[in-house]
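Remarks on the structure that follows.
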Amino acid sequence: MCLAVPAKITEIKDSLATVTLDGVSRTASLMLLPEAKIGDFVLVHAGFAMEIVDEHLALESQALWREMGGAGREGDLQETIAEEIAGLRPTAEFIAEQKR
């Protein structure tokens, strides 16, 4: 099984990026993703940035990682995610129609 984690690029020097996840910084190679720039969220696997991802996806993934670790969701992040999810919920009319 492969696992990639979302992290934010905070610095770039040559083809190496400093990426941060929950306050922890690591170095990741940009050899496979030269178009990445500071501020982008990227999926990092085995020391390589593999894909640029949407900020919402990255933050949701980070929140789920924290939740699995027992930290729970807190503060503005939880409120932002709750608002996003509420916008995706089906309406009562849609649910009623599906039951027919």
The lone condition G23 fails out of (1) within 19 Å of E60 (Cα to Cα); (2) touching a strand residue (DSSP E or B) at 6+ places or on another chain (Cβ under 8 Å) is (2)
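Within the stretch 1-27, take every residue that is assigned to a loop (DSSP other than H, G, I, E, B) and in contact with a Leu (Cβ under 6 Å, 6 or more places away or on another chain) and give me the one that is surrounded by the most Cβ atoms within 10 Å (Cβ to Cβ).
The residue in question is A4.
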Those residues of the stretch 28-66 which are outside any loop (DSSP other than H, G, I, E, B) and surrounded by fewer than 13 Cβ atoms within 10 Å (Cβ to Cβ) amount to E55, H56, L57, L64
Within the stretch 27-72, the count of residues that are in contact with a helix residue (DSSP H, G or I) (Cβ under 6 Å, 6 or more places away or on another chain) and at pLDDT 95 or above comes to 0
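The values are calculated or read from the model by the stated rules, or taken from the named source; none is laboratory data. Just so it is clear, the model here is predicted, and its values are computed rather than measured. Reconstructed Cβ throughout: ideal geometry from the backbone, glycine too, with neighbour counts over all protein chains shown.
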